[in-house]
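Q: Can you keep this structure in mind? I'll have questions shortly.
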Amino acid sequence: MTQIALIRHGSTAWNKEKRSQGQTDNPLDQEGREQALLLAARLSEETWDAIYASDLERASETARIIGDRLGIQEIHLDPRLREMGGGQVEGTTEAERLARWGANWSNLDLGRELADAGTIRGSAAIEDIVRQHPHGRVIVVSHGAILRNTLRGLVPELDVSAKLSNTSITRISKEAESWQCELYNCSVHLDSNKESL
């Protein structure tokens with residue numbers, strides 16, 4: 001059995017401004033770094049074999065903070081774990097989208113990556129990680145939309161309608177040819193450890 005902890009990166013300035021990030025390469029903000037430290041402390045209570053991450057800075061920095069705490073120096077960067085491409089929508093808020101394209105903006109062809117494409121590339125990345133670590137425990141740091149689309153492919157019965165919180169953990173495991181999700185969008189480390197920062 002392979003066990004994988006899917007992690008959404010820590011917060012960024014654009015998260016707070018509610019701007020669509022897509023593949024724009026934004027860094028973590030200070031809160032995002034603090035969230036990653038709390039997550040790293042939670043993950044340090046277990047044994048992990050490897051860390052993979054999107055090559056975008058907000059995910060790779062989250063992964064490096066985790067790796068520093070766990071003593072895992074090598075972070076495997078994989079561009080297939082990048083966020084869904086947002087096309088013309090990247091950098092905009094909902095209010096800006098409504099002003100620019102109207103109420104039906106989400107139905108327009110604005111160059112955004114299709115959900116099915118995200119499912120295919122995200123699932124392929126995770127399946128390759130399983131082949132590299134057939135009985136391992138692996139951390140994967142990525143982004144909200146690509147992780148939800150990946151889960152749609154791997155665990156189709158799972159309800160992924162809830163957006164993933166920053167530094168949330170979703171645990172999946174593969175035994176034989178079947179994927180299971182044991183935990184979805186859990187960020188209790190942010191609540192229980194705030195005073196310790």
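Q: Which residues, taken from segment 102-116, are open to solvent by less than 80 Å² (accessible area, probe 1.4 Å) and either farther than 21 Å from residue 170 by Cα or basic (Lys, Arg) (or both)?
A: Passing the criteria: 102, 105, 106, 108, 110, 111, 113.
Q: Name the pairs whose Cβ atoms lie under 6 Å apart, with the first residue in segment 119-139 and within 14 Å of residue 51 (Cα to Cα), the second open to solvent by 10 Å² or more (accessible area, probe 1.4 Å) and of a type in the set (Lys, Arg), and 6 or more positions between them or separate chains?
A: What qualifies is 125/80; 130/174.
Q: What pairs come out if I take residues in segment 77-93 that are of a type in the set (Gly, Ala, Ser) and pair them with residues that are modelled with pLDDT under 95 and crowded, with 17+ Cβ neighbours inside 10 Å whose C-beta lies under 8 Å away, six or more apart or interchain?
A: Correct list of pairs: empty, since none qualify.
Q: Something else: Taking segment 127-159 on its own, how many of its residues are among the β-branched types (Val, Ile, Thr) and either within 12 Å of the chain's Cα centre (by Cα) or open to solvent by 10 Å² or more (accessible area, probe 1.4 Å) (or both)?
A: 6
Q: Here is a further query. What pairs can you find where one residue is in segment 169-197 and within 22 Å of residue 53 (Cβ to Cβ) and part of a strand (DSSP E or B), the other is modelled with pLDDT of 95 or more and of a type in the set (Lys, Arg), and their Cβ atoms are less than 6 Å apart, with a gap of 6+ or different chains?
A: 182/171; 183/171
Q: Looking only at residues that are of a type in the set (S, T, N, Q) and open to solvent by 20 Å² or more (accessible area, probe 1.4 Å) in segment 13-34, which one is farthest from residue 82 (Cα to Cα)?
A: Of everything passing the filter in segment 13-34, 30 is farthest from residue 82 (Cα to Cα).
The values are calculated or read from the model by the stated rules, or taken from the named source; none is laboratory data. Predicted model only: the values in this text are computed from it and were never measured. Neighbour counts run over all protein chains shown; Cβ positions are idealised from the backbone, glycine included. Heads up: the accessible areas ignore ligands, DNA and RNA and are worked out on the full protein's heavy atoms, side chains in. Shrake-Rupley method; radii C 1.70, N 1.55, O 1.52, S 1.80 Å.
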